[in-house]
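Just below is one structure, and these are the notes that go with it.
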Amino acid sequence: MQYLLLATLMLLPYSGQAANETAAESGQKEKIDMTSLILGHISDSYEWHFWGEGENAVAIPLPILVYSNVRNEWFFFSFSHLEEAEESGTTYDGFKLAEAGEENAGKVVEFNNATGKWERPLDLSLTKNAIGLMINSLLLICIVLGCARWYKGRKPSDPAPRGFVGLMEMMISMVYNDIIKANIPQHVQRYSGYLLCAFFFIFFTNLIGLIPGSANITGNIAVTFVLACCTFLFVNIGANGEYWKEIFWADVPGWLKPLMAVIEFFGIFTKPVALMIRLFANIMAGHAALLALIGVIFITATISPVINGIMTPLSLLFAIFLDCLECLVAFIQAYVFTMLSAVFIGLSVPQHHHKA
């Protein structure tokens with residue numbers, strides 16, 4: 001979405017002047033709710049929104065699949081039916097979209113006569129993030145298999161690959177040698193598959209999220225929660241006895257052992273939580289900051305044409321710089337998540353040191 005907004009920046013001074021002339025005639029100024037605008041672009045939804053707002057919006061309604069806990073049956077329909085019902089102030093088949101400020105805002109709800117409240121049904125809908133996740137995963141699989149096909153029938157003595165395949169080989173070697181092998185030297189083959197998959201999934205998804213109209217997948221805490229849970233399982237299921245001994249019976253004075261056991265036990269859970277929040281917060285904050293910079297232009301357009309003419313090029317320059325920085329952040333966040341996961345896994349399978 002952010003690139004499409006950037007493409008319209010040069011036209012905003014004129015639209016801002018027209019908006020101010022209209023505001024002057026009506027004696028009031030237009031107000032822009034930037035919080036709702038930003039959250040609407042970076043949050044999940046039941047439609048794939050490309051650009052525009054209101055009647056000028058270009059979006060694809062997605063299928064909704066819910067199980068009614070009140071009527072005990074499944075319902076399958078398009079999100080467009082809920083939009084039409086919302087415009088007419090009614091419901092569609094007993095369902096509606098919860099409004100901002102209400103409980104479960106932005107989600108499908110139905111009225112429960114027994115409790116007198118609007119409640120959420122079991123929602124298995126294909127939302128924007130869910131479809132985006134499947135598309136990104138399919139594209140990544142095609143890229144990896146395409147690179148693997150290049151190596152079929154080739155010998156180690158053949159020239160090294162060039163172009164995109166050479167770039168992929170360089171990145172795989174970097175992750176394998178500098179991250180995985182450096183932190184898990186004894187069990188590198190056991191964990192290399194997951195860590196390589198996590199790195200390229202996060203990196204590829206972060207880059208796709210910068211394309212106009214794409215889904216903000218890693219900026220969704222549900223996605224980062226699943227990634228953190230995967231690391232949590234690999235750390236604790238594959239851990240050896242020495243790891244658990246250091247947690248519940250550390251080599252400290254006896255009176256400190258119970259206290260250290262409690263602290264280390266909570267540390268088991270705080271590590272994946274830190275992974276989850278770090279990735280989610282950095283990606284979401286980057287998108288929000290970029291939209292906020294662009295939003296400055298829309299806000300100044302309702303104040304003064306002069307101010308808007310000054311702020312438009314400044315906001316444009318800062319937005320372009322931040323967009324370039326986001327490309328770097330996409331790699332850094334994938335690197336940091338993989339590095340910390342490798343460190344946590346390496347600590348769970350420590351090497352045995354024998355005294356001379």
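Does the stretch 234-243 contain at least one residue that is acidic (D, E) and touching a residue at least 60 places away in the same chain (Cβ under 8 Å)? Within the stretch 234-243 (the criterion being acidic (D, E) and touching a residue at least 60 places away in the same chain (Cβ under 8 Å)), the answer is yes, since at least one residue qualifies.
Within the stretch 192-239, the set of residues being in a loop (DSSP other than H, G, I, E, B) and open to solvent by less than 40 Å² (accessible area, probe 1.4 Å) comprises G209, L210, G213, S214, A215, N216, I217, T218, G219, N220, G238, A239. Number of residues in the stretch 158-189 that are charged (D, E, K, R), assigned to a loop (DSSP other than H, G, I, E, B) and over 21 Å from L140 (Cα atoms) equals 1. Mind checking which residues of the stretch 142-159 are farther than 16 Å from F201 by Cβ and either in contact with a strand residue (DSSP E or B) (Cβ under 8 Å, 6 or more places away or on another chain) or not basic (K, R) (or both)? Once the filter is applied, which keeps residues that are farther than 16 Å from F201 by Cβ and either in contact with a strand residue (DSSP E or B) (Cβ under 8 Å, 6 or more places away or on another chain) or not basic (K, R) (or both), the stretch 142-159 yields G146, A148, W150, Y151, G153, P156, S157, D158, P159. Considering the stretch 42-70, the residues that are within 22 Å of L290 (Cβ to Cβ) and in a loop (DSSP other than H, G, I, E, B) include one that is most open to solvent (accessible area, probe 1.4 Å), namely E53. For the structure I just gave you, tell me whether Y3 is open to solvent by 40 Å² or more (accessible area, probe 1.4 Å), modelled with pLDDT under 70 and within 18 Å of the chain's Cα centre (by Cα). Considered against the rule, which asks whether it is open to solvent by 40 Å² or more (accessible area, probe 1.4 Å), modelled with pLDDT under 70 and within 18 Å of the chain's Cα centre (by Cα), Y3 comes out as yes. Residue selection: A148 satisfies the criterion of being more than 18 Å from the chain's Cα centre (by Cα), farther than 29 Å from A239 by Cα and either among the acidic types (D, E) or open to solvent by 30 Å² or more (accessible area, probe 1.4 Å) (or both). In the set (1) surrounded by fewer than 21 Cβ atoms within 10 Å (Cβ to Cβ); (2) within 21 Å of V343 (Cβ to Cβ); (3) not aromatic (F, W, Y), L275 fails one condition alone, (1). Across the stretch 122-139, not a single residue is classified as over 25 Å from I217 (Cα atoms) and either hydrophobic (A, V, I, L, M, F, W, C) or assigned to a loop (DSSP other than H, G, I, E, B) (or both). E102 fulfils the conditions (1) assigned to a helix (DSSP H, G or I); (2) touching a residue at least 12 places away in the same chain (Cβ under 8 Å); (3) more than 26 Å from A334 (Cα to Cα); (4) not hydrophobic (A, V, I, L, M, F, W, C) except for a single criterion, (1). If you go through the stretch 71-88 and keep only what is of a type outside the set (S, T, N, Q), open to solvent by less than 70 Å² (accessible area, probe 1.4 Å) and not in a strand (DSSP E or B), you end up with F79, H81, L82, E83, A85.
Consider the stretch 308-331 and keep the residues that are without any contact (Cβ under 8 Å) to a residue 60 or more places away in the chain and surrounded by 15 or more Cβ atoms within 10 Å (Cβ to Cβ). The one that is nearest to N216 (Cα to Cα) is L322. Going by what's in this entry, would L140 be described as of a type in the set (A, V, I, L, M) and open to solvent by 70 Å² or more (accessible area, probe 1.4 Å)? The answer is no for L140.
Flag: V262 matches the condition of being open to solvent by 60 Å² or more (accessible area, probe 1.4 Å) and of a type outside the set (F, W, Y).
This table checks each residue for (1) modelled with pLDDT of 90 or more; (2) of a type outside the set (A, V, I, L, M).
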{"residue": "A114", "(1), (2)": "no, no"}
{"residue": "I131", "(1), (2)": "yes, no"}
{"residue": "S137", "(1), (2)": "yes, yes"}
{"residue": "I141", "(1), (2)": "yes, no"}
{"residue": "V144", "(1), (2)": "yes, no"}
{"residue": "L196", "(1), (2)": "yes, no"}
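The single condition among (1) over 23 Å from the mean Cα position of the chain (by Cα); (2) open to solvent by 70 Å² or more (accessible area, probe 1.4 Å) that L126 does not satisfy is (1). For the residues L259, L290, the requirement of being under 30 Å from F225 (Cα atoms), touching a residue at least 40 places away in the same chain (Cβ under 8 Å) and hydrophobic (A, V, I, L, M, F, W, C) singles out L290.
Taken across the stretch 186-195, residues that are touching a residue at least 12 places away in the same chain (Cβ under 8 Å) and of a type in the set (D, E, K, R) do occur, with at least one present.
Scanning the stretch 297-306 for residues that are in a helix (DSSP H, G or I) and either at pLDDT 85 or above or open to solvent by less than 40 Å² (accessible area, probe 1.4 Å) (or both) returns I297, T300, A301.
The values are calculated or read from the model by the stated rules, or taken from the named source; none is laboratory data. Keep in mind it's a predicted model, so treat the numbers as computed, not measured. All Cβ positions, glycine included, derive from the backbone under ideal geometry; neighbour counts span all protein chains shown. The area values use the complete protein model at the heavy-atom level, side chains included, leaving out ligands, DNA and RNA. Shrake-Rupley method; radii C 1.70, N 1.55, O 1.52, S 1.80 Å.
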